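Written below as structure tokens is the structure these notes are about.
The values are calculated or read from the model by the stated rules, or taken from the named source; none is laboratory data. Only a predicted model underlies this, so the values are computations on that prediction, with no experimental measurement involved. Using ideal geometry, Cβ is built from the backbone for each residue, glycine included, and neighbour counts are taken over all protein chains shown. Note: areas computed on protein heavy atoms with side chains; ligands, DNA, RNA excluded. Shrake-Rupley method; radii C 1.70, N 1.55, O 1.52, S 1.80 Å.
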Amino acid sequence: TYGTGTFVMQIIGSRFISKNGFFTTLVPSPQGQVYALEMKVNNTGRRIDELLQKKLPLETSLITIAQEVNAILNKLPIKPKALIVDGGIIRDARLIELQGSISKLSIKPQTILDGTALGIAKLLAS
């Protein structure tokens, strides 16, 4: 999720593991609860907002965000084959292109940008 903060989450299965620098969270799924590792890049939304307010180019900040996400991806225990992305910042297609180029992964944007709200809505509906 590329939003106020940028969060990288990877489902790791039914067994709890701990990995330095990551939070281990419990995620509900149709198969029952599974564990995920999660890490955050701070203040990404604020960085973009400041540039937009000053009418400055976004490219350098988008590259930095993509590089920070890639550093997290390289620490994951399971090498991802693709990234499923959401969040307000992906409205700028350049971020998706940059992330794919830097990470060498296929990027799959969600049609609903606010994944956090969608997830909560689905939990409340079940």
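Each of E38, E50 has its accessible area taken with a 1.4 Å probe; listed largest first, they run E50, E38.
In the chain, taking the dipole from charged Cβ atoms about the Cα centre, the farthest positive-side position among I17, T64, L98 is held by I17. Within the accessible surface of the range 17-65, defined with a 1.4 Å probe on protein heavy atoms only, the carbon and sulfur portion equals 51 percent. In degrees from 0 to 90, rounded to the nearest 10, what is the angle of the helix 44-53 Cα long axis to the longest principal axis of the chain? Helix 44-53 sits roughly 20 degrees off the main axis of the chain. Gyration tensor over the Cα atoms of the range 2-112: the corresponding equivalent ellipsoid has semi-axes (square roots of 5 times the eigenvalues, largest first) of 27, 14, 13 Å. In the assembled protein chains, V27 presents an accessible area of approximately 30 Å² (probe radius 1.4 Å). Accessible area per residue for the chain is 64 Å², calculated with a 1.4 Å probe on protein heavy atoms, without ligands, DNA or RNA. Comparing Cα centroids, the range 60-109 and the range 16-49 end up 15 angstrom apart. Helical content alone sets the calculated 222 nm signal of the chain at -11500 deg cm²/dmol, taking -39,500 (n - 2.57) per DSSP H segment of four or more residues and averaging over every residue. Other residues lying with their Cβ under 13 Å from the Cβ of Q53 contribute a combined charge of +2, Lys and Arg counting +1, Asp and Glu -1. Of all lysines in the structure, those lying under 30 Å Cα to Cα from K81, and not within fewer than 8 positions of it along the same chain, are K19, K40, K104, K108, K122. Short-range pairs are left out: with C-alpha atoms under 8 Å and at least six residues apart, the relative contact order of the chain is 24 percent. Taking the longest Cα principal axis of the chain as reference, the axis of helix 93-103 is set at about 60 degrees. Taking all protein chains together and a 1.4 Å probe, the residues R15, R94, R47 rank R15, R94, R47 from largest to smallest accessible area. Neighbours of P77, meaning other residues whose beta-carbon lies under 15 angstrom from its beta-carbon, give a summed charge of +4 when Lys and Arg score +1 and Asp and Glu score -1. Which residue fluctuates the most in the chain, going by a Gaussian network model with Cα springs under 10 Å, if the choices are G32, G21, G45? Judging by the Gaussian network model, the answer is G32.
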